[in-house]
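One structure is given below, encoded as structure tokens.
The values are calculated or read from the model by the stated rules, or taken from the named source; none is laboratory data. Not measured: the values here are computed from a predicted model. Here the Cβ positions follow ideal geometry from the backbone for every residue, glycine too, while neighbour counts run over all protein chains shown. In case anyone asks, the SASA skips ligands and DNA or RNA and just uses the protein heavy atoms, side chains included. Shrake-Rupley method; radii C 1.70, N 1.55, O 1.52, S 1.80 Å.
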Amino acid sequence: MAGSNSRQPQFIASTGNQSFSNAPLIQSADTDQIVVPERNSWKNLFAYMGPGFLVSIAYIDPGNFETDLQSGAQYKYELLWIILVASCAALVIQSLAANLGVVTGKHLAEHCRAEYPRGPNFILWVLAEIAIVACDIPEVIGTAFALNMLFNIPVWIGVLLTGLSTLVLLALQQYGVRKLEFFITFLVLTIAGCFFAELGYAKPVAGEVLKGLFVPQLKGNGATGLAISLVGAMVMPHNLFLHSALVLSRRIPRSVHGIKEACRFYMIESGFALMVAFLINVSVISVSGAVCNSSNLNPEGQASCEDLDLNKASFLLRNVLGSWSSKLFAIALLASGQSSTITGTYAGQYVMQGFLDLRLKPWLRNFLTRCLAIVPSLIVAIIGGSAGAGKLIIIASMILSFELPFALIPLLKFTSSETKMGEHANSTAVSAITWIIGSLIMGINIYYLMTSFIRFLLHSHWKLIAVVFLGIFGFVGVAIYLAAIAYLVFRPNKKVTHLLALTTPASQHMGNGSGRTSIDCLPREDIVSMQLPQRGQQTEDIG
């Protein structure tokens, strides 16, 4: 890291001889590390398990549930293809984020700080922080809805109480991160099992579901807005920073073979985790679409489906769970929100450390983010009630989608660059696919932004002069948005990364000519210590 190389040099420079000028592996007997042995075995996969599943929690958070429920209620199965495309895109993008960390030993935020001038770097940091706050808003509202269902606490009071969930979460962390995550995962999978059971009861027409999955269609401006929300809820900017940093907590062999194996196994792990998340999202949309579009739906159910949000969704499970539907749904919703808080805390730590070389204690970092998310949530909950809070989740997801290019473009540029990735840079095919994905996301965002803004101006009842000034202001904003994207796309990479893998012919000769060496890279001690504490451990501040 910039500013800390004198204390903890982190890179191996392949010089083609037996000496290493940076001899940089972090040695720490106290580091809680997972060591991957240098061997050809599928058993190594278990050593890589963890980062992908932690990242996948963000794909089944309250924001996903909200957008899934509304898309099913309003458009039945027509938007299922968005989930399929977003899941496939997420697998490719998350794999690239993992590859960046594995190959270079630096996560995405650190690369941005090293690559971009101070001004653009600061703007990227601000956008990343806004994305984390936007991601935390659904967790705040989801937790408030869960408390309302469990204890009949008004939503606005529940929003205030979510500030205390930070302290409760960190207190539970003292008994072991893995135990807590296992318990949360069990609860989330419980609600998934309930939706799978309800899926069998609702009996959606298989042909219609398949058509929704494989036939793209967007009927109306409302569908476009929901599609953007679905993409924003599935492919989140903060996940790219998170995944590229989490992989640095492993000790992997620093040979060509070890690097390639790590990249392959991280992709397999991410694929399995995202497949589970994909099935859960599809089942939620299918249940919502089947129940809310059923001809046998009673008047109470019709009223709920007209403005379906997380606070009303438990009625979908009554056929399976009876009177316990709301309680179990609330417990799983609470678990989903709190487990997503873990990923938000980690991502916030890595973003702040990477962009600013600054770290805070996890409880303080989480509390600051939560406070920023509570303010808009509280205002909307007081004014608009649960319906307004549900709409805020959709808006937050749209913000995430609009911000995605500012994390995605640097990731694509860095992973496609041989100056940063060496022989592990993206192939031409992978580069083409990822840039097509990025272009589609940016295209649909810009289309929706322009059409919505023009429609607003045409149907506005304001005076002509106000409409003119608002139009000028809006189009200038869109121009700035496009200019920022163009800057990231066309600016050539200038900084060279010293690869951790020994890839030169001379250095491979050191490994007996087989591309395998006994050189290992210990996990980044600063990354490991940034994770939430185990019992008896405390995270130190590093300024």
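For the reader, a short list of remarks on this structure follows.
- To put it simply, the accessible area of the range 263-414 at a 1.4 Å probe is 69 percent carbon and sulfur.
- Extension gain from ILE480 to LEU161, taking 0.36 nm per residue of separation minus the Cα-Cα distance: 111.0 nm
- TYR447 accessible area, 1.4 Å probe, all protein chains in place, Å² to nearest 10: 140 Å²
- With 10 Å bins beginning at zero, the pair-distance distribution over Cα atoms of the range 239-380 amounts to 9, 25, 26, 23, 12, 4, 0 %.
- Sum of side-chain charges, GLY344 neighbourhood, beta-carbon under 10 Å (Lys, Arg +1; Asp, Glu -1): -1
- For peptides 412-420, 250-258, sequence by mean Cβ density within 10 Å, most packed first: 250-258, 412-420
- For peptides 395-401, 272-278, sequence by mean Cβ density within 10 Å, most packed first: 395-401, 272-278
- Projected label distance in nm at VAL92 and ASN296, using a 7 Å step from Cα toward the beta-carbon: 4.2 nm
- Charge dipole of the range 287-407 about the Cα centre (unit charges at C-beta), most positive-ward option of SER326, PHE406, PHE367: PHE367
- SER314 sits with roughly 10 Å² accessible to a 1.4 Å probe, with DNA, RNA and ligands left out of the calculation.
- Working note: Karplus 6.51/-1.76/1.60 with θ = phi - 60° gives the range 436-448 the couplings 5, 4, x, 5, 5, 4, 5, x, 5, 5, 5, 4, 5 Hz, where Gly and Pro are set to x.
- Whole-number Å³ per residue for the convex hull built on Cα positions in the range 192-313: 168 Å³
- Over the range 400-481, the ratio between the Cα radius of gyration and 2.2 N^0.38 Å evaluates to 1.55.
- Lys, Arg +1 and Asp, Glu -1 on Cβ, resulting dipole of the range 304-367 about Cα centre, debye, nearest 20: 300 debye
- In terms of overall dimensions, the C-alpha atoms belonging to the range 302-435 reach 59, 38, 26 Å along their principal axes, ordered largest to smallest.
- Enclosed volume per residue, in Å³, of the convex hull spanned by Cα atoms of the range 54-163: 151 Å³
- Compared with the rule-of-thumb size 2.2 N^0.38 Å for a compact globular protein, the range 275-349 has a Cα radius of gyration ratio of 1.30.
- Part-to-part distance (alpha-carbon centres) for the range 302-370 and the range 87-166, which is given in Å: 12 Å
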